[in-house]
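No lab work stands behind these numbers, since they all come straight from the coordinates. As the structure is a prediction and not an experimental result, all values here were calculated from the model. Cβ atoms come from the backbone with ideal geometry, glycine included; neighbour counts cover every protein chain shown.
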Amino acid sequence: MTPPAPQARERARGQQPTDDGASPGRSLREEMDITKETLERRKAWLEFTQGDVERLAQVDTLVSRHADELVEQLYAHINAADGSRDGDAAPTHTKGLLEEYFLGLTKGAYDVEFVEERLRLVGGLRQRFGPDPSWYLGTYNLYLRAVGERIRAAGDELDDPRAVFESVRKVTFLDLGFAFDAYMIERERTIWRQEEELRKLSTPVLQLQDELLLLPIVGFVDTARAQQLTEQLLYAIRERRARVVVIDVTGVGAVDSRVANHIVQTVEAARLMGAAAIVTGLSAEVAQTLVRLGVDLSAVRTVGDLQGGIEEAERLLHADGPSPSLPDGRG
Amino acid sequence: MDTSEPLAVASDTDVVTARQRARDLARVLGFSTTDQTTIATAASEIARNIVTYAGHGQLWVRALDEGGRQGLVVVARDEGPGIPDVERALADGYSTSGSLGVGLSGSKRLMDDLDIESGAGAGTTVTMRKWLR
Amino acid sequence: MPILKQGDCLIASVQDALSDEELRALQNDLAEQVGRHRARGVIIDVTVLDVMDSFATRTLQTIVHTTRLRGAEAVIVGIQPEVAFALVQFGLTLEGIPTALDLDGGLALLRLGASRSRSDGHE
């Protein structure tokens, strides 16, 4: 469906799912905060200079000379080390990965795009060989030995073989640094995903009394989790016929305006189902800050501590006066 | 269910059909009941916009499969008067005054993304997507 | 759409998808019956509605408004969890309209309002 030229095109993004699904290298890079500045800092720590870049170009010439031989060496090492498999089902693909990764180390411009590419390749390797990095380190070690041999064998061809090997060592540390971060982040993501599944199974809404529910929120709250909690609260209101709910955020580390807006939405949704909500665990200072940040707390009853909030809830439930769910908040 | 054929939208009965079709596909694709309602609400909104502002138009509801992610897309198209200032229409606030912006900005909040192609006198195409979590 | 009488309250249960025609009919019926029975309250039960868009919301607001003009209070009951969730995400809060979980809740709400206005003389 391509529109004719004069029409305006407007793109609006609503909420984003937490896993963006954009190019894996890029989102990892953003998560690891790899910018031009942080990359330069890492290089400075390793004393990685333009001289090293030039020497690595020389190494690249050496390595490319007998590239196939080197790849076969690496491949043989992996096959020997991995006793569990019957045999590699896709040797060409595996060798291709190894060539791209290890031979690519000396072909880079060592800028941010290079890092992205390395992260992408590490992802490919991880997919192929699994989440345990020890095979990776073993193969890297072999690569260094093989390159060292070729540098020694090159003899007079190089001005300063020791300095050349130094450069290889530096770029190795640079590369390993990124790979380690990537492995750690992937592990964290797996753990997070497992915790997510656990969270979905548990029911966080507690019944304190007839018609009174408590929803304690603990830990980090992102959009997905906030929506989940809201859903669970609303279903509980219907099932237990609650007229008052207490939402306790004492255990939420940082209540920022995003979290606060989720809470406001939850309170409004509860109201639509005839239940009044009291939010506890927001200190007066935090509440004031949120209001200053533009969060509209006018329709939200807040009480500093949980105990006080429960007492207020009981008062609302048993009062003879105006009903808790009247929209103007009387009572 | 053949979701490749568009639904003709010209009356409020068609609006009901549109949201039922959106809900049904959402259910089949595995969206939660909450998301089914969200999707149906957004579909209802843009279908109704067709009737209100253009008199008649078409609506598609299709499954999506992109880069490993699954989801649903709703496309509403009409040859009506169009929206001269799309940005302003989307920026409209939380009012129930019945203006076009309410439905569009609200639908944008309900779905994961919303695209509008329109211009004065040039018809309107609204595309909105929601992804399975 | 059938409108039932319970004490001095009227109960209207919305069937699926309130069309323009049905809206006008409901509005008129309610207005007429509030007058005829001197009803103090009207309950609009939307339990069956699985979607409430901006049109449905405007519709209900109109009904509540015209009911109030005739001296009766109106309460919406039966908004389902998924619908409540979608409404607030959309940005429609039904501000100024009393709500309750179900018919019992709605009746209790109306009675509280009625007894309050009787006891202190003003609403």
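Brief remarks on what is shown
- FRET efficiency estimate (nearest 0.05) - Cβ-Cβ, A:LEU144 to A:GLU186, R0 30 angstrom: 0.80
- Distance-filtered residues of region A:119-150 - backbone nitrogen under 18 Å, label point 7 angstrom along A:SER64 Cα→Cβ: A:147, A:150
- Solvent-free Debye calculation, one equal scatterer per alpha-carbon of region A:122-238: log10 I(q)/I(0) at 0.15, 0.19, 0.21, 0.23 Å⁻¹ equals -0.82, -1.02, -1.13, -1.23.
- Region A:249-313, dipole about Cα centre (Lys/Arg Cβ +1, Asp/Glu Cβ -1), debye to the nearest 20: 180
- Ordering of A:123-133, B:26-36 by packing [mean C-beta count within 10 Å, highest first]: B:26-36, A:123-133
- Pair C:ASP20, A:ALA89: separation of 7 Å Cα→Cβ label points (nm): 6.1
- Most to least packed among A:30-39, B:55-64, A:144-153 [average Cβ atoms within 10 Å]: B:55-64, A:144-153, A:30-39
- Peptide-level mean, for B:36-47, of C-beta atoms on other protein chains within 10 Å: 6
- Span-like helix check, chain A: no full DSSP H segment qualifies, none having both a Cα axial length of 20 Å or more and a mean Kyte-Doolittle of 1.6 or more.
- Dipole magnitude (debye, nearest 20) for the protein assembly as shown, charges at Cβ of Lys, Arg, Asp, Glu: 1160
- Computed over the alpha-carbon atoms, region A:80-184 gives an Rg to Rh ratio of 0.99, Rh here being the Kirkwood radius from the mean inverse distance.
- According to the Cα-based calculation, Rg over Rh for region C:1-80 is 0.93, with Rh computed by the Kirkwood formula.
- Non-local lysine pairs in chain A, meaning eight or more places apart or on different chains, with alpha-carbon distances under 18 Å, amount to 4.
- When Rg and the Kirkwood radius Rh are both evaluated on Cα atoms of chain A, their ratio Rg/Rh stands at 1.18.
- Residue order for B:THR37, A:THR139, fewest other beta carbons within 10 angstrom first, comes to A:THR139, B:THR37.
- Here each label is just a point 7 Å from Cα along the line to Cβ, and for A:LEU208 and A:VAL291 those points are 2.3 nm apart.
- Its Cα gyration tensor gives the protein assembly as shown an equivalent ellipsoid. The semi-axes, each the square root of 5 times an eigenvalue, are 61, 29, 20 Å from largest down.
- In chain B, taking the dipole from charged Cβ atoms about the Cα centre, the farthest positive-side position among B:VAL73, B:THR34, B:ALA18 is held by B:THR34.
- Candidates per chymotrypsin sites (Phe, Trp or Tyr not before Pro) in region A:176-276, loop by DSSP, up to 12 other Cβ within 10 Å: A:PHE220
- Alpha carbon centroid spacing (whole Å) that separates region C:72-117 from region A:94-173: 67
- For B:ARG69, distant residues with modelled amide H under 5 Å away: none
- Peptide A:227-239 shows a mean partner chain C-beta count of 4 within 10 Å per residue C-beta.
- √(5λ) per eigenvalue of the Cα gyration tensor, chain B, largest first, Å: 23, 16, 14
- Farthest positive-ward along chain A dipole, Cα basis, beta-carbon charges - from A:PHE48, A:LEU317, A:ASN79: A:LEU317
- Antiparallel %, DSSP beta bridges [both residues in the protein assembly as shown], to 5: 60
- Shielding by partners for peptide A:273-281, expressed as the average number of C-beta atoms from other protein chains within 10 Å of each residue's C-beta, is 4.
- Placing a pseudo-label 7 Å from each Cα along the Cα-to-Cβ vector at B:TYR53 and C:HIS37 gives an inter-label distance of 4.1 nm.
- DSSP-defined beta bridges in region A:204-254 - what % are antiparallel, rounded to 5: 35
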